[in-house]
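Chemist: Handing you this structure, nothing more for now.
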Amino acid sequence: MTFELELLAAPKAVPELRHHLRAHDFEVRLCATELLTKVIDHLGEGTPVTVRVTGTPGGHTRIEVTDPDPRALPVLLSATGTAESGRGLALVDQLSLRWGVDQGADRKTVWCELAERLAPPPSSHENEHLYESTCA
């Protein structure tokens, strides 16, 4: 399953992206929105971006955010407890198996790969149904 969305980087695009990715787990939504936020913070509002979420041959989920500036590279910072910024890429680094940047002459793609997640456990309502059918 491949998801691709072209949009303009802006604060209002973050919840829009989260909404489009609602079928994906929390970590996918978090990493995708953190990578989009990096574009907003470092390249500015209105920057055109393409967000892609795909599966890899190894069974991982790959998130890519492409923007038109090959020179502005992300830097992993050690944010202090009182710092107001610098945690986004640290979150991506902790949640992903690996991440990196692919540079072209007129663009760059910041990407990360997440492990495939198991299906969530049944809801409590489903558990009640299972309990009722085993006790009947």
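Chemist: When the residues of region 36-59 are narrowed to those that are of a type in the set (S, T, N, Q) and either over 15 Å from residue 13 (Cα atoms) or in a strand (DSSP E or B) (or both), which ends up farthest from the chain's Cα centre (by Cα)?
Modeler: Only one residue fits best here, namely 56.
Chemist: Further, regarding this structure: Please verify whether residue 69 is in contact with a strand residue (DSSP E or B) (Cβ under 9 Å, 6 or more places away or on another chain) and at pLDDT 95 or above, treating the condition exactly as stated.
Modeler: Yes: the conditions hold for residue 69.
Chemist: If you go through region 44-61, how many residues are surrounded by 15 or more Cβ atoms within 10 Å (Cβ to Cβ) and of a type in the set (D, E, K, R)?
Modeler: Count: 1.
Chemist: In addition: Determine the pairs where a residue that is over 24 Å from residue 107 (Cβ atoms), located within region 58-86, has a partner that is open to solvent by 40 Å² or more (accessible area, probe 1.4 Å) and at pLDDT below 90 with Cβ atoms under 6 Å apart, the partner being 6 or more residues away or on another chain.
Modeler: These pairs meet every condition: 59/116; 79/87; 86/77; 86/79.
Chemist: Looking at region 1-35 only, could you name the residues that are more than 17 Å from residue 67 (Cβ to Cβ) and either in contact with a Ser or Thr (Cβ under 8 Å, 6 or more places away or on another chain) or in a loop (DSSP other than H, G, I, E, B) (or both)?
Modeler: Answer for region 1-35, where residues must be more than 17 Å from residue 67 (Cβ to Cβ) and either in contact with a Ser or Thr (Cβ under 8 Å, 6 or more places away or on another chain) or in a loop (DSSP other than H, G, I, E, B) (or both): 1, 2, 3, 12, 18, 21, 22, 23, 24, 25, 28.
Chemist: Going residue by residue through region 77-88, is there one that turns out to be touching a strand residue (DSSP E or B) at 6+ places or on another chain (Cβ under 8 Å) and either open to solvent by 30 Å² or more (accessible area, probe 1.4 Å) or modelled with pLDDT under 95 (or both)?
Modeler: Looking for residues that are touching a strand residue (DSSP E or B) at 6+ places or on another chain (Cβ under 8 Å) and either open to solvent by 30 Å² or more (accessible area, probe 1.4 Å) or modelled with pLDDT under 95 (or both), one finds none in region 77-88, hence no.
Chemist: Of the residues 6, 16, only one is acidic (Asp, Glu), touching a Leu at 6+ places or on another chain (Cβ under 9 Å) and either within 15 Å of residue 99 (Cβ to Cβ) or open to solvent by 40 Å² or more (accessible area, probe 1.4 Å) (or both); which?
Modeler: Checking each option against the conditions leaves just 16.
Chemist: Mind listing whichever residues of region 89-108 are in contact with a strand residue (DSSP E or B) (Cβ under 9 Å, 6 or more places away or on another chain), part of a helix (DSSP H, G or I) and of a type in the set (A, V, I, L, M)?
Modeler: Of everything in region 89-108, those that are in contact with a strand residue (DSSP E or B) (Cβ under 9 Å, 6 or more places away or on another chain), part of a helix (DSSP H, G or I) and of a type in the set (A, V, I, L, M) turn out to be 89, 92, 95.
The values are calculated or read from the model by the stated rules, or taken from the named source; none is laboratory data. All values reported here derive from a predicted model rather than from experimental measurement. Positions of Cβ are generated from backbone atoms using ideal geometry, with glycine treated the same way; all protein chains shown enter the neighbour counts. SASA here: full protein model, heavy atoms, side chains in, ligands and nucleic acids out. Shrake-Rupley method; radii C 1.70, N 1.55, O 1.52, S 1.80 Å.
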